[in-house]
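This report refers to the structure that appears directly beneath it.
Derivation of every value follows stated rules applied to the coordinates shown; laboratory data play no part. Note that the structure is predicted; figures quoted are calculated from it, not measured. Virtual Cβ from ideal backbone geometry, glycine too; neighbours counted across all protein chains shown.
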Ligand code: SF4
Ligand code: SF4
Ligand code: SF4
Ligand code: SF4
């Protein structure tokens, strides 16, 4: 009988020990990770220097209408009359008719500033993030049009579906306090 | 006419491009305006605040606390059931299955291995809090807080009992899944658990077709087999099982002393009720002793065999990493195996990185995979070996008990106990 009691108490002692060790382990492990992560949360962003405008941004986002949109850095723009981000490479005409425009949704608005300069402005709600204009602007223009994840839309998925599909590893996690990779700044 | 002049302009543009390549991207200097034109500035909305995530943490703690109250104080299956529904609605449909403790495994592992990655504090709490609760109260998280567990639990209408050996063997998949998920997260390849979450498509009311089908099938199976994902796949469940073995409190089927009436014997649809053991006959004892000896010897063999299997699979597994995939593709293109290109290979050639560098990086990743896969395989082997050893030990039990590791604290078995019914009657008489 005494033997049995001893056995039981030994087993209880073991159990207590394991329990304490596990609780300590969870606490210490969690603490270490917390300290390591104290530098703040991250969000997804596109590195415009790496992006090749493959078109995946428009289709792979978990949102029906992609969180990626085109942005325009006006300070880099040449205000060209013949904007290669705005017009088809060989347009039937040079006017602003839809058949001449590169953007499939007509999201780029053109406004005359002064001879011979035109301002190009993106109607963000219309943009689907297909990157066609970005490609045109990058190929023959200044590259002032480029794609960015818009953080008013992005859900910050744990694993961004576009990042998985991006062929050029342009998607990366950036600090939430500095959530854009703007051209001319980096 | 217009077209040809456009052609000329394009020739000029191409020439300018060449110049541009020398002077940087600015091919057309930004103009100086005479008309006092004001340049618009770019407006960039800031990242969303994650206040909502802290609300989630609060809800999680509330649900788990309430579960403990319902299981240990009220002993109310009905209460648990409603709580489950609440979790499905809140964590499932409203929060669309994201933030989730199971998926947080990936974030925690990545934050340990990747110095540039920081796990959001709420994510860390989602990972840690259920572990702490489990150490105190058993699997209170699985009972009602986990939307994946809950959705399987409420569709369980026609439970079929699985043979113990089959359930035990199938459970090894969960260990393998955990090992793979950790390997993939540690190498920065993928968040496997999130990508293959079977119910996410249901919670989001749409998504990847394959996952919709997988989710549907899983739910269909769950009608007959209790919580199949929980028991045979869930990697977080593997961790919770082990912690639950030493929990402070445990679920008891009866509110008082077990009278061994056998009424609860088949009550648990998850096979988590252990029967009292009879003394083994002398002959059985000897046979089992021998079996135990063999199984102990088998343990290192299993570890080595599974470790070796991991080694064999590491090559294929490493293709989950984007760098290895790209290197494979470039190699195929260079060696003339394929003669087209992909978006990825074109993009790579545009980066200016040399092929040797790429191969070097890929080799580094592959080395990590070899090491990681062997380790992962060995751990699965260890789990299998320990399972075998446990199966040949005679556990002394004098009562019907909920299995510490396997019980989800669902509360189904309570009402099978006649003593519980006496208690309930007393309660209602008092009222
Ligand atoms: S998927 Fe990548 S390469 Fe393609 S458009 Fe988006 S950021 Fe650019
Ligand atoms: S994180 Fe999600 S919502 Fe944001 S861009 Fe990627 S897929 Fe779209
Ligand atoms: S075993 Fe996994 S899926 Fe099931 S309830 Fe527990 S954590 Fe959720
Ligand atoms: S409370 Fe535990 S032992 Fe009882 S039926 Fe539920 S899972 Fe099975």
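The table below gives the values:
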read-out	value
Average beta carbon contacts from partner chains per residue of A:21-33, 10 Å cutoff	5
Crossing angle, helix B:121-137 versus chain B [Cα axis fit, 0-90 degrees, rounded to tens]	10 degrees
Bins of 5 Å, starting at 0 and running to the largest distance - Cα pair percent for the range B:69-206	2, 9, 14, 19, 21, 18, 11, 4, 2, 0
Quotient of C-alpha Rg and 2.2 N^0.38 Å, computed over chain A	1.68
Relative exposure of B:409, B:314, judged by other C-beta atoms within 10 Å (fewest first)	B:314, B:409
Computed lengthening from residue B:248 to residue B:94, 0.36 nm per intervening residue step minus Cα-Cα distance	52.1 nm
Radius, Kirkwood style, for chain B when every pair of distinct Cα atoms is counted (Å)	25.9 Å
Per-residue average of Cβ from other chains inside 10 Å of A:41-52	3
C-alpha long axis of helix A:2-36 to longest principal axis of chain A, angle in °	20 degrees
Candidates B:361, B:107, B:116: whichever shows maximal mean-square fluctuation once chain B is modelled as a Gaussian network with Cα springs under 10 Å	B:116
Max mean-square fluctuation residue, GNM over chain B, Cα-Cα springs under 10 Å, options B:350, B:168, B:103	B:350
Packing rank of B:294-302, B:71-79, where each peptide gets the mean count of other beta carbons within 10 Å, highest leading	B:71-79, B:294-302
Centre separation in Å (Cα based) which lies between the range A:5-56 and the range B:345-405	17 Å
Cα-based equivalent ellipsoid of the range B:283-391: semi-axis lengths in Å, sorted from largest, via gyration tensor	47, 11, 9
Size descriptor, Kirkwood hydrodynamic radius, that averages inverse alpha-carbon separations across the range B:202-259, Å	14.4 Å
Shielding by partners, peptide B:42-53 (average Cβ within 10 angstrom, other chains)	6
Likely footprinting exposure, B:82, B:395, A:44, fewest C-beta neighbours within 10 Å first	B:395, B:82, A:44
Relative contact order of chain B, defined on C-alpha pairs under 8 angstrom at six or more residues apart (%)	21 percent
B:211, B:353 arranged by Cβ crowding within 10 Å, fewest neighbours leading	B:353, B:211
Among B:34, B:56, B:339: highest mean-square fluctuation, GNM of chain B, C-alpha pairs under 10 Å	B:34
Per-selection Kirkwood Rh - the protein assembly as shown (Cα, Å, 1 d.p.)	28.3 Å
Principal-axis tilt of helix B:355-391 within chain B, Cα atoms, nearest 10 degrees	0 degrees
